[in-house]
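Below: the structure, in C-alpha coordinates.
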Amino acid sequence: EMAEKGGYEHFMLKEIFEQPRAIKDAVYGNIEIIDGVAERILNAEDVIIVGMGTSYHAALVGKYLIQRFGKIPIIVEEASEFRYEYENLLDKNSLVIAITQSGETADTVAAMKLAKKAGARVIGIVNVVGSLATRIAETTLYTHAGPEIGVAATKTYTAQLTVLTLLGISLGKLQGVDIGEVEKTIPRLPDLVDSVLKYNGKIRELAKRLEDKRDYFYIGRGISYPTALEGALKIKEIAYVHAEGLSAGELKHGPLALIEEGVPVVAIAPTGKTFEKMLSNIEEARARGGLIISLGDDIRLQDVSNVFLRMPKVPEEISPIVYIVPLQLLAYHLSVLKGHNPDRPRNLAKSVTVE
Ligand code: G6P
(Lines give C-alpha, C1' and ligand atoms only; values in the text may rest on other atoms or scores of the structure.)
Protein backbone atom coordinates (compact mmCIF):
# COMPACT_ATOMS: atom_id res chain seq x y z
CA GLU A 1 0.00 0.00 0.00
CA MET A 2 2.91 2.33 0.77
CA ALA A 3 4.03 1.95 -2.85
CA GLU A 4 0.56 2.85 -4.11
CA LYS A 5 0.74 5.98 -2.02
CA GLY A 6 3.88 6.98 -3.88
CA GLY A 7 5.76 7.72 -0.66
CA TYR A 8 3.02 9.92 0.78
CA GLU A 9 1.55 9.14 4.17
CA HIS A 10 -2.00 9.08 2.83
CA PHE A 11 -3.74 8.83 -0.52
CA MET A 12 -5.35 12.19 0.11
CA LEU A 13 -2.01 13.94 0.36
CA LYS A 14 -0.78 12.18 -2.75
CA GLU A 15 -3.91 13.22 -4.61
CA ILE A 16 -3.58 16.83 -3.44
CA PHE A 17 -0.05 16.86 -4.84
CA GLU A 18 -1.19 15.25 -8.10
CA GLN A 19 -3.32 18.26 -8.94
CA PRO A 20 -0.90 20.00 -11.32
CA ARG A 21 -0.86 16.83 -13.42
CA ALA A 22 -4.63 16.26 -13.13
CA ILE A 23 -5.34 19.79 -14.31
CA LYS A 24 -3.06 19.40 -17.29
CA ASP A 25 -4.79 16.17 -18.30
CA ALA A 26 -8.23 17.72 -17.85
CA VAL A 27 -7.23 20.46 -20.29
CA TYR A 28 -5.74 18.21 -22.97
CA GLY A 29 -8.52 15.67 -22.66
CA ASN A 30 -11.27 18.17 -23.43
CA ILE A 31 -9.91 20.71 -25.90
CA GLU A 32 -11.49 18.90 -28.84
CA ILE A 33 -15.03 18.51 -27.58
CA ILE A 34 -15.62 21.52 -25.40
CA ASP A 35 -16.90 23.84 -28.17
CA GLY A 36 -19.69 21.47 -29.11
CA VAL A 37 -20.94 21.47 -25.54
CA ALA A 38 -20.71 25.26 -25.35
CA GLU A 39 -22.92 25.51 -28.45
CA ARG A 40 -25.51 23.22 -26.92
CA ILE A 41 -25.56 25.42 -23.82
CA LEU A 42 -26.29 28.49 -25.92
CA ASN A 43 -29.01 26.68 -27.85
CA ALA A 44 -30.83 25.55 -24.73
CA GLU A 45 -33.72 27.47 -23.22
CA ASP A 46 -32.72 26.63 -19.71
CA VAL A 47 -29.55 25.17 -18.28
CA ILE A 48 -29.45 23.39 -14.94
CA ILE A 49 -26.30 22.00 -13.33
CA VAL A 50 -26.68 19.27 -10.72
CA GLY A 51 -24.32 17.38 -8.42
CA MET A 52 -23.81 16.37 -4.79
CA GLY A 53 -21.13 17.17 -2.23
CA THR A 54 -17.96 18.46 -3.79
CA SER A 55 -19.41 18.03 -7.26
CA TYR A 56 -22.24 20.36 -6.22
CA HIS A 57 -19.65 22.97 -5.28
CA ALA A 58 -18.06 22.55 -8.71
CA ALA A 59 -21.52 23.14 -10.17
CA LEU A 60 -21.73 26.43 -8.27
CA VAL A 61 -18.37 27.58 -9.64
CA GLY A 62 -19.64 26.52 -13.08
CA LYS A 63 -22.66 28.75 -12.63
CA TYR A 64 -20.49 31.84 -12.12
CA LEU A 65 -18.25 30.94 -15.06
CA ILE A 66 -21.06 30.19 -17.50
CA GLN A 67 -23.07 33.23 -16.47
CA ARG A 68 -20.13 35.60 -16.83
CA PHE A 69 -18.75 34.23 -20.06
CA GLY A 70 -21.88 32.79 -21.64
CA LYS A 71 -24.11 35.69 -20.59
CA ILE A 72 -26.97 33.35 -19.68
CA PRO A 73 -28.55 32.65 -16.30
CA ILE A 74 -27.79 29.21 -14.86
CA ILE A 75 -29.69 27.20 -12.28
CA VAL A 76 -27.76 24.96 -9.90
CA GLU A 77 -29.50 22.34 -7.78
CA GLU A 78 -28.40 19.53 -5.53
CA ALA A 79 -29.35 16.42 -7.49
CA SER A 80 -31.26 15.11 -4.46
CA GLU A 81 -33.51 18.19 -4.55
CA PHE A 82 -33.72 18.49 -8.31
CA ARG A 83 -35.06 15.00 -8.80
CA TYR A 84 -38.19 15.63 -6.75
CA GLU A 85 -39.00 19.10 -8.06
CA TYR A 86 -38.22 19.29 -11.76
CA GLU A 87 -40.31 16.57 -13.41
CA ASN A 88 -42.76 19.15 -14.78
CA LEU A 89 -40.18 21.83 -15.47
CA LEU A 90 -38.15 20.20 -18.22
CA ASP A 91 -38.61 19.59 -21.92
CA LYS A 92 -36.53 19.05 -25.03
CA ASN A 93 -35.19 22.60 -24.84
CA SER A 94 -33.70 22.04 -21.40
CA LEU A 95 -30.08 21.07 -20.87
CA VAL A 96 -28.97 19.35 -17.70
CA ILE A 97 -25.28 19.13 -16.85
CA ALA A 98 -24.58 16.49 -14.22
CA ILE A 99 -21.26 16.62 -12.37
CA THR A 100 -20.14 13.44 -10.64
CA GLN A 101 -16.69 12.07 -9.90
CA SER A 102 -17.79 8.46 -9.53
CA GLY A 103 -20.62 8.55 -12.03
CA GLU A 104 -22.52 6.32 -9.59
CA THR A 105 -24.03 8.69 -7.01
CA ALA A 106 -27.65 7.55 -6.69
CA ASP A 107 -29.25 11.00 -6.58
CA THR A 108 -27.21 12.35 -9.46
CA VAL A 109 -27.90 9.33 -11.63
CA ALA A 110 -31.63 9.59 -10.79
CA ALA A 111 -31.58 13.29 -11.72
CA MET A 112 -30.03 12.43 -15.08
CA LYS A 113 -32.63 9.75 -15.74
CA LEU A 114 -35.43 12.14 -14.86
CA ALA A 115 -34.05 14.76 -17.24
CA LYS A 116 -33.65 12.26 -20.04
CA LYS A 117 -37.18 10.96 -19.58
CA ALA A 118 -38.50 14.51 -19.87
CA GLY A 119 -36.71 14.83 -23.22
CA ALA A 120 -33.98 17.16 -21.95
CA ARG A 121 -30.42 16.92 -23.21
CA VAL A 122 -28.02 15.53 -20.63
CA ILE A 123 -24.29 16.20 -20.45
CA GLY A 124 -22.02 14.57 -17.88
CA ILE A 125 -18.81 15.82 -16.30
CA VAL A 126 -17.45 12.57 -14.92
CA ASN A 127 -14.19 11.07 -13.73
CA VAL A 128 -14.77 7.32 -13.76
CA VAL A 129 -14.68 5.97 -17.30
CA GLY A 130 -17.66 3.80 -18.25
CA SER A 131 -19.62 4.60 -15.06
CA LEU A 132 -23.41 4.69 -14.98
CA ALA A 133 -23.59 8.45 -15.56
CA THR A 134 -21.55 8.17 -18.76
CA ARG A 135 -24.06 5.66 -20.11
CA ILE A 136 -26.97 8.02 -19.50
CA ALA A 137 -25.37 11.23 -20.78
CA GLU A 138 -25.44 12.00 -24.51
CA THR A 139 -21.95 13.46 -24.14
CA THR A 140 -19.45 13.08 -21.33
CA LEU A 141 -16.66 15.49 -20.59
CA TYR A 142 -14.17 13.35 -18.70
CA THR A 143 -12.12 14.99 -15.97
CA HIS A 144 -9.15 12.65 -16.58
CA ALA A 145 -7.94 13.00 -12.98
CA GLY A 146 -7.20 9.28 -12.58
CA PRO A 147 -8.48 7.11 -9.72
CA GLU A 148 -9.16 8.95 -6.48
CA ILE A 149 -8.91 6.78 -3.36
CA GLY A 150 -9.31 9.37 -0.59
CA VAL A 151 -12.99 9.72 0.30
CA ALA A 152 -12.73 13.53 0.36
CA ALA A 153 -12.53 14.73 -3.25
CA THR A 154 -9.46 16.82 -4.10
CA LYS A 155 -7.87 16.38 -7.53
CA THR A 156 -11.19 15.45 -9.09
CA TYR A 157 -12.61 18.78 -7.88
CA THR A 158 -9.89 20.91 -9.45
CA ALA A 159 -10.18 18.79 -12.61
CA GLN A 160 -13.94 19.48 -12.67
CA LEU A 161 -13.25 23.20 -12.25
CA THR A 162 -10.72 23.05 -15.09
CA VAL A 163 -13.30 21.54 -17.44
CA LEU A 164 -15.85 24.18 -16.41
CA THR A 165 -13.29 26.94 -16.98
CA LEU A 166 -12.64 25.62 -20.49
CA LEU A 167 -16.37 25.66 -21.06
CA GLY A 168 -16.46 29.26 -19.86
CA ILE A 169 -13.68 30.23 -22.27
CA SER A 170 -15.41 28.53 -25.16
CA LEU A 171 -18.69 30.32 -24.32
CA GLY A 172 -16.89 33.63 -23.98
CA LYS A 173 -15.53 33.26 -27.49
CA LEU A 174 -18.96 32.48 -28.90
CA GLN A 175 -20.50 35.42 -27.03
CA GLY A 176 -17.77 37.93 -27.79
CA VAL A 177 -16.73 38.29 -24.15
CA ASP A 178 -13.09 39.11 -23.43
CA ILE A 179 -11.55 35.91 -22.09
CA GLY A 180 -7.95 36.84 -22.95
CA GLU A 181 -6.42 36.79 -19.48
CA VAL A 182 -8.24 33.66 -18.42
CA GLU A 183 -7.23 31.78 -21.54
CA LYS A 184 -3.62 32.84 -21.13
CA THR A 185 -3.60 31.52 -17.58
CA ILE A 186 -4.72 27.99 -18.48
CA PRO A 187 -1.25 26.71 -19.53
CA ARG A 188 0.21 28.24 -16.33
CA LEU A 189 -2.30 26.53 -14.04
CA PRO A 190 -0.15 23.49 -13.14
CA ASP A 191 2.71 25.82 -12.09
CA LEU A 192 0.36 28.10 -10.18
CA VAL A 193 -1.02 25.15 -8.23
CA ASP A 194 2.52 23.91 -7.65
CA SER A 195 3.44 27.28 -6.19
CA VAL A 196 0.69 27.03 -3.55
CA LEU A 197 1.53 23.40 -2.74
CA LYS A 198 4.78 24.85 -1.42
CA TYR A 199 2.74 26.19 1.52
CA ASN A 200 2.34 22.65 2.83
CA GLY A 201 4.77 23.14 5.74
CA LYS A 202 3.35 26.51 6.66
CA ILE A 203 -0.15 25.09 6.65
CA ARG A 204 0.88 22.21 8.90
CA GLU A 205 2.07 24.84 11.40
CA LEU A 206 -1.21 26.69 11.05
CA ALA A 207 -3.11 23.46 11.70
CA LYS A 208 -1.19 23.03 14.98
CA ARG A 209 -2.32 26.47 16.04
CA LEU A 210 -5.93 25.62 15.22
CA GLU A 211 -5.99 22.10 16.61
CA ASP A 212 -8.33 22.85 19.54
CA LYS A 213 -10.83 24.99 17.65
CA ARG A 214 -14.34 23.59 17.40
CA ASP A 215 -16.10 25.96 14.99
CA TYR A 216 -14.89 27.48 11.75
CA PHE A 217 -16.40 30.02 9.40
CA TYR A 218 -15.32 30.15 5.77
CA ILE A 219 -16.38 33.25 3.89
CA GLY A 220 -16.19 34.22 0.23
CA ARG A 221 -18.10 36.27 -2.30
CA GLY A 222 -19.06 35.71 -5.92
CA ILE A 223 -17.00 32.99 -7.52
CA SER A 224 -15.16 32.50 -4.19
CA TYR A 225 -18.36 31.63 -2.36
CA PRO A 226 -18.26 27.99 -3.54
CA THR A 227 -14.62 27.86 -2.40
CA ALA A 228 -15.83 28.79 1.09
CA LEU A 229 -18.39 25.98 0.95
CA GLU A 230 -15.84 23.47 -0.28
CA GLY A 231 -13.18 24.50 2.25
CA ALA A 232 -15.71 24.05 5.05
CA LEU A 233 -16.87 20.70 3.68
CA LYS A 234 -13.30 19.40 3.61
CA ILE A 235 -12.72 19.96 7.32
CA LYS A 236 -16.15 18.66 8.30
CA GLU A 237 -15.49 15.47 6.35
CA ILE A 238 -12.07 14.56 7.65
CA ALA A 239 -11.26 16.68 10.74
CA TYR A 240 -14.73 16.23 12.30
CA VAL A 241 -15.13 19.84 13.34
CA HIS A 242 -18.05 22.11 12.74
CA ALA A 243 -17.49 24.45 9.83
CA GLU A 244 -19.80 26.71 7.91
CA GLY A 245 -19.23 28.09 4.46
CA LEU A 246 -20.96 31.40 3.87
CA SER A 247 -21.28 34.07 1.28
CA ALA A 248 -19.64 36.96 3.10
CA GLY A 249 -22.73 39.08 2.49
CA GLU A 250 -24.72 36.75 4.75
CA LEU A 251 -22.38 37.24 7.67
CA LYS A 252 -24.35 40.17 9.06
CA HIS A 253 -27.63 38.25 8.81
CA GLY A 254 -26.95 35.83 11.63
CA PRO A 255 -23.57 34.10 11.69
CA LEU A 256 -21.81 37.24 12.96
CA ALA A 257 -23.54 36.61 16.30
CA LEU A 258 -21.43 33.45 16.65
CA ILE A 259 -18.09 35.14 16.10
CA GLU A 260 -16.25 35.77 19.33
CA GLU A 261 -12.68 35.83 20.59
CA GLY A 262 -10.52 33.29 18.78
CA VAL A 263 -13.13 31.81 16.41
CA PRO A 264 -11.37 31.04 13.13
CA VAL A 265 -12.69 32.88 10.09
CA VAL A 266 -11.14 31.75 6.83
CA ALA A 267 -11.56 34.47 4.21
CA ILE A 268 -11.17 33.67 0.51
CA ALA A 269 -10.36 37.06 -0.94
CA PRO A 270 -8.77 37.20 -4.38
CA THR A 271 -8.62 40.55 -6.16
CA GLY A 272 -11.79 40.98 -8.17
CA LYS A 273 -15.24 42.45 -8.35
CA THR A 274 -16.02 42.10 -4.65
CA PHE A 275 -12.63 42.48 -2.99
CA GLU A 276 -13.36 45.81 -1.28
CA LYS A 277 -16.58 44.38 0.14
CA MET A 278 -14.67 41.35 1.39
CA LEU A 279 -12.18 43.59 3.17
CA SER A 280 -14.96 45.24 5.12
CA ASN A 281 -16.55 41.86 5.95
CA ILE A 282 -13.19 40.68 7.27
CA GLU A 283 -12.92 43.80 9.40
CA GLU A 284 -16.36 43.15 10.86
CA ALA A 285 -15.36 39.63 11.85
CA ARG A 286 -12.07 40.86 13.25
CA ALA A 287 -13.78 43.51 15.36
CA ARG A 288 -15.64 40.64 17.09
CA GLY A 289 -12.38 38.91 17.92
CA GLY A 290 -12.39 36.44 15.03
CA LEU A 291 -9.05 34.77 14.26
CA ILE A 292 -8.71 35.83 10.65
CA ILE A 293 -6.98 33.56 8.17
CA SER A 294 -7.06 35.23 4.80
CA LEU A 295 -6.10 34.01 1.35
CA GLY A 296 -5.50 36.64 -1.28
CA ASP A 297 -3.07 38.57 -3.44
CA ASP A 298 -3.68 42.08 -2.09
CA ILE A 299 -1.19 42.99 0.60
CA ARG A 300 -3.80 45.04 2.46
CA LEU A 301 -5.15 41.74 3.76
CA GLN A 302 -2.09 41.45 5.96
CA ASP A 303 -3.23 44.31 8.20
CA VAL A 304 -6.66 42.82 8.86
CA SER A 305 -5.56 39.20 9.31
CA ASN A 306 -3.90 37.08 11.99
CA VAL A 307 -2.58 34.78 9.29
CA PHE A 308 -2.23 35.89 5.67
CA LEU A 309 -1.54 33.36 2.94
CA ARG A 310 -0.28 35.28 -0.03
CA MET A 311 -1.63 33.76 -3.21
CA PRO A 312 -0.36 34.23 -6.76
CA LYS A 313 -2.25 36.88 -8.68
CA VAL A 314 -4.64 35.20 -11.11
CA PRO A 315 -7.81 36.27 -12.91
CA GLU A 316 -10.69 35.95 -10.48
CA GLU A 317 -12.35 33.31 -12.67
CA ILE A 318 -9.33 31.03 -12.26
CA SER A 319 -8.96 31.59 -8.52
CA PRO A 320 -11.24 28.74 -7.35
CA ILE A 321 -8.75 26.22 -8.75
CA VAL A 322 -5.77 27.77 -6.97
CA TYR A 323 -7.41 28.84 -3.70
CA ILE A 324 -8.95 25.51 -2.76
CA VAL A 325 -5.53 23.85 -2.58
CA PRO A 326 -4.33 25.36 0.75
CA LEU A 327 -7.78 24.66 2.20
CA GLN A 328 -7.46 20.99 1.24
CA LEU A 329 -4.07 20.92 2.93
CA LEU A 330 -5.45 22.59 6.05
CA ALA A 331 -8.19 19.95 6.35
CA TYR A 332 -5.66 17.20 5.76
CA HIS A 333 -3.26 18.36 8.47
CA LEU A 334 -6.03 19.01 10.98
CA SER A 335 -7.32 15.49 10.41
CA VAL A 336 -3.88 13.90 10.86
CA LEU A 337 -3.06 16.00 13.95
CA LYS A 338 -6.30 14.85 15.55
CA GLY A 339 -5.31 11.27 14.91
CA HIS A 340 -7.89 10.51 12.22
CA ASN A 341 -7.43 8.69 8.95
CA PRO A 342 -8.21 11.31 6.28
CA ASP A 343 -8.53 8.64 3.60
CA ARG A 344 -11.41 6.89 5.34
CA PRO A 345 -13.53 9.30 7.37
CA ARG A 346 -16.13 7.82 9.68
CA ASN A 347 -19.72 7.51 8.43
CA LEU A 348 -18.86 8.58 4.88
CA ALA A 349 -18.48 6.69 1.61
CA LYS A 350 -16.54 7.53 -1.52
CA SER A 351 -19.61 6.99 -3.57
CA VAL A 352 -23.14 7.17 -2.17
CA THR A 353 -25.06 4.62 -4.22
CA VAL A 354 -27.95 4.19 -1.79
CA GLU A 355 -30.59 6.84 -1.26
C1 G6P B 1 -19.68 11.41 -1.50
C2 G6P B 1 -18.19 11.66 -1.41
C3 G6P B 1 -17.87 13.10 -1.78
C4 G6P B 1 -18.44 13.44 -3.14
C5 G6P B 1 -19.93 13.12 -3.23
C6 G6P B 1 -20.44 13.18 -4.66
O7 G6P B 1 -20.32 12.15 -0.49
O8 G6P B 1 -17.72 11.37 -0.12
O9 G6P B 1 -16.47 13.30 -1.79
O10 G6P B 1 -18.23 14.78 -3.44
O11 G6P B 1 -20.19 11.80 -2.77
O12 G6P B 1 -19.81 12.16 -5.37
P13 G6P B 1 -19.68 12.11 -6.92
O14 G6P B 1 -18.98 10.81 -7.22
O15 G6P B 1 -21.08 12.13 -7.48
O16 G6P B 1 -18.92 13.30 -7.35
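The values are calculated or read from the model by the stated rules, or taken from the named source; none is laboratory data. All figures in this text were calculated on a predicted structure; none of them were measured in a lab. In this analysis, Cβ positions are derived from the backbone assuming ideal geometry, glycine residues included, and neighbour counts consider all displayed protein chains.
Testing residue 315 on (1) away from the ligand (no atom under 16 Å from the Cβ); (2) not in a loop (DSSP other than H, G, I, E, B), one condition comes back false. Which one is that?
So the condition that residue 315 fails would be (2).
Got a sec? Which helices (runs of 4 or more DSSP H) wholly within region 153-260 have at least 1 residues that are among the acidic types (Asp, Glu) and at pLDDT 95 or above? Before you say what the answer is, go through the steps one by one.
Working: elements: 155-175, 180-185, 189-197, 200-210, 225-239.
Result: 180-185, 189-197, 200-210, 225-239.
Name the single residue that is nearest to the ligand (Cβ to nearest atom) among those in region 143-160 being closer than 23 Å to residue 110 by Cβ and β-branched (Val, Ile, Thr).
Here is the first cut: in region 143-160, the residues closer than 23 Å to residue 110 by Cβ are 143, 148, 151, 153, 156-157, 160.
Cutting the leftovers down to β-branched (Val, Ile, Thr) gives us 143, 151, 156.
Values: 143: 10, 151: 5, 156: 7 Å.
Here the answer is 151.
Each row is one residue, and each column tells you yes or no for (1) surrounded by 17 or more Cβ atoms within 10 Å (Cβ to Cβ); (2) near the ligand (Cβ under 10 Å from one of its atoms); (3) free of Cβ contacts under 8 Å to residues at least 12 places away in the same chain; (4) not in a helix (DSSP H, G or I).
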| position | (1), (2), (3), (4) |
| --- | --- |
| 107 | yes, yes, no, no |
| 112 | yes, no, no, no |
| 128 | yes, yes, no, yes |
| 135 | no, no, yes, no |
| 141 | yes, no, no, yes |
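Please go through region 301-344 and pick out each residue that is of a type in the set (D, E, K, R) and closer than 20 Å to residue 68 by Cβ.
Across region 301-344, the qualifying residues are 313, 316, 317.
Could you please find all residues in region 274-309 being under 23 Å from the mean Cα position of the chain (by Cα), in a loop (DSSP other than H, G, I, E, B) and within 19 Å of residue 245 (Cβ to Cβ)?
274
Examine region 326-337 for a residue that is in contact with a strand residue (DSSP E or B) (Cβ under 6 Å, 6 or more places away or on another chain), over 26 Å from residue 159 (Cα atoms) and not in a strand (DSSP E or B), and state whether such a residue exists.
No, the conditions are met nowhere in region 326-337.
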